[in-house]
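Step one of this worksheet: look at the structure below.
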Amino acid sequence: MPTNQPHMRPYEEEYANFTWETSRKELGYKDGDVINIGEYCTDRICRQGKGDKLALIWEGHSGEEKRYTFNDMRQLTNTIADFLQKLGIQPGERVCLFMDKVPELYFGFLGVLKMGAIVQPLFSAFGSESLLTRLDNAKTRAIFTQKKHLPKVRNITKDLPELKHIIVVDDDGLKPLRELEVAFHMDKAERIDKFDIYPSLAETPSVLHYTSGTTGQPKGAQHVHYSIISQYITAKYVLDLKDDDIYWCTADPGWVTGTSYGIIGAWSNGVTQCVLDAGFKAETWYKFIEKHKISMWYSAPTAIRALMKEGNEVVKKFDLSSLRHLASVGEPLNAEAVIWSKEVFGLYFHDTFWQTETGCIVISNYPGMKIKPGSMGKPFPGIEATVVDLKTHEPIEKKGIVGMIALKPGWPSMVRTYWNNESTYKSKFSKGWYHCGDRASIDEDGYYWFVGRDDDVINTGGHLVGPFEIESALLEHPAVAESAVVGKPDPVNMEVVKAFITLKPGFNSDKMLELEIMNFVRKKLSALAMPQEIEFVDSLPKTRSGKIMRRVLRAKEWGEEIGDISTLENDM
Ligand code: PRX
């Protein structure tokens, strides 16, 4: 059983004395050295004598299990890197991973990095159009996928002239593959023991994660290999990972939590992690913890609320005594959920706040620190944070006043740019601070309290969806004249997507049409982006210059004050 003595010194002491040098030293990195995330998570751990230690315990939806040691992972990531090299993929080219949570996804991530390409993980539930937007933007060269997702890729191949290789990891040979498609079976392929890992440097691009904003299509947040300096030490200090921990990060590597902490954080610490490639069900999750004796569990508020809904009796059916530390990310973790977790697991969920752009946890509750349920905690040592005035962008000195969360640029895993979109990247900075786009206040004790997003981005079940992307998809439906998309409150997912639509002449606003439009968006984008409710209206609130005012619609949904509507053209 791992010790409960935290790695971190008491918070104030750690904050006062910490520098990133601690992490650099522990990882053996000096300025100018080669630094490759793939190497740091596999070969380096084997050199420490942990080659026979389990790296991954994987369970599929029908209960099948696969286990890989760090040495297996080292060799298999070499195999993938070698395979890509032989296909002709060049360093710096983009290789997409479009798979469920299968071992090939995890090892593919490190394999791509080992040969110097940029890895672009995309959530496998995305529909063809979501996929197209992101592959087109990145000019992706190759994509790893599974048979079940192949039709979505085939749908758009003709629109992606740069895409040269579609790698199918579970082809059964029953149907012939098409042009560009090639089968690759990781577990059957020859294991490569020695591979010349690409000599990436600190600023060499590593990961491209797409994230949604208020306007325009999703942006590719471009990270670099140096990000591991942040991810390693935050995994150690915040998630409190110890050598003998069995760790479970429930996030999908299609999103940043699933890579920063579902791959890099754990494995750079040489820790065994479990992956469950199955949908959510309380009993399945508890059984998984019991079976694998999971000690550290990193999850998300929506999942915790869903577990709460299932009640306390089901928890009692399982022996969850292996758990020793819990953390959460992605959305506000309400105080009730924190208190409930103490009641049923005997442990608090520790809220952590961060973003695709920050690459690592930046505000958090730390092991050993007093928890104020409902608060996100305090800045990570090494991170300078504040809240700034909404208008002047100056830091707010007075406690308890709501402002925008802002961070002093310069921590190792900070996003370096948005792919081909430097102007949007620059717009995130003001007066020397990076703006997260979230509102919060800081209390007398320095704890941060989340208030809400400062933009129109919708956070549904911990996943950000951009209203613009959904509105654009809606406009492609023949019946839709205009659309506006906002988040509406939801007890479990915090927010769900709601669309307001005006129809073209000749269409009737009935239930059939509502369902048809919902399905249309689900297929094009994803179930996450699908409106859970559609309200047909005669007109949408617009500014005099014709811009749809989503915030008026949103305020109505949340029962909030509408605020200044002096520029409103029409009344709803
Ligand atoms: O709005 C904040 C919310 O999720 C956003 C970042 O989303 P994404 O880039 O997809 O990364 C998610 C996982 C790191 C933030 O700007 N968010 C994240 N954590 C919290 C949160 N909102 C409230 N409390 C949190 N702990």
* In whole angstrom, how long is each semi-axis of the equivalent ellipsoid of segment 444-572, when you take the square root of 5 times every eigenvalue of its Cα gyration tensor and sort them from largest down? -> 26, 20, 12
* To do: Could you rank the peptides 226-233, 426-433 by their average count of other C-beta atoms within 10 Å per residue, with the highest value first?
  => 226-233, 426-433
* Asked: Residue by residue, what Karplus-based ³J(HN,Hα) values in Hz, rounded to whole numbers, does segment 92-101 have, using 6.51, -1.76 and 1.60 with θ = phi - 60° and x for Gly and Pro?
  -> x, 6, 9, 10, 8, 10, 10, 9, 5, 7
* D_trans [Stokes-Einstein, Kirkwood Rh over alpha-carbon pairs] for the chain, 10 °C, 1.306 mPa s, µm² s⁻¹ -> 65
* **Accessible area of segment 458-558 belonging to carbon and sulfur atoms, whole % at 1.4 Å probe** => 53
* Starting from the Cα of Arg544, step 7 Å along the direction of its Cβ; do the same at Glu190; then give the gap between the two resulting points in nm. => 7.4
* Quick one: grab the alpha carbon gyration tensor of segment 339-478, order the square roots of its eigenvalues as a ≥ b ≥ c, and give me rounded if a/c is under 1.5, else prolate or oblate depending on whether a/b is larger than b/c. => oblate
* How many nm is it between the label spots at Gln532 and Glu422, if each spot is 7 Å from the Cα in line with the beta carbon? -> 4.2
* Asked: How much accessible area per residue does segment 1-104 have, in Å², with a 1.4 Å probe?
  -> 45
* Estimated vicinal HN-Hα couplings, Hz - segment 318-329 in sequence order (Karplus 6.51, -1.76, 1.60; Gly, Pro = x) -> 10, 8, 10, 5, 6, 5, 10, 8, 10, 9, 9, 7
* **Ordering of 487-493, 504-510, 403-409 by burial proxy (mean other Cβ atoms within 10 Å per residue, highest first)** => 403-409, 487-493, 504-510
* To do: Quick one: compute the contact order of segment 310-411, relative version, from alpha carbon pairs under 8 angstrom and 6+ residues apart, as a percent.
  => 19
* Asked: How far, in nm, would the chain grow between Glu203 and Asp389 when pulled straight, counting 0.36 nm per residue and subtracting the alpha carbon separation?
  -> 63.7 nm
* Asked: Calculated from DSSP H runs of 4 or more alone, at -39500 (n - 2.57) each and per residue, what is the 222 nm mean residue ellipticity of the chain, nearest 500?
  -> -7500 deg cm²/dmol
* Asked: At what distance in nm do the modelled label points of Asp319 and Lys25 sit from each other, each positioned 7 Å from its Cα along Cα→Cβ?
  -> 4.2
* Structure fact -> Full extension between Lys175 and Ser62 adds, at 0.36 nm per residue less the Cα distance, a length in nm of 38.3 nm
* By how many nm would the segment from Lys291 to Asn508 grow when fully extended, if each residue of separation counts as 0.36 nm and the alpha-carbon distance is taken off? -> 72.8 nm
* Structure fact -> the chain: longest segment with zero exposed GluC sites (Glu not before Pro), where exposed means DSSP loop plus at most 11 other C-beta atoms within 10 Å, is residues 204-396
* Which stretch or stretches of segment 414-449 have amide N atoms under 14 Å from the point lying 7 Å from Glu560's Cα along the Cα→Cβ direction? -> 437-441
* Kindly write out, for segment 48-57 in residue order, the coupling ³J(HN,Hα) from the Karplus curve 6.51 cos²θ - 1.76 cosθ + 1.60 (θ = phi - 60°), rounded to whole Hz, with x marking Gly and Pro. => 7, x, 9, x, 8, 6, 5, 9, 9, 10
* To do: May I ask you to give the percent of accessible area on segment 11-382 that is carbon plus sulfur, with a probe radius of 1.4 Å?
  => 51
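The values are calculated or read from the model by the stated rules, or taken from the named source; none is laboratory data. If you're wondering where the values come from, they're calculated on a predicted model, not measured in any experiment. Here the Cβ is made from the backbone with ideal geometry for all residues, glycine too, and neighbour counts use every protein chain on show. For accessibility, only protein heavy atoms count, side chains too; no ligands or nucleic acids. Shrake-Rupley method; radii C 1.70, N 1.55, O 1.52, S 1.80 Å.
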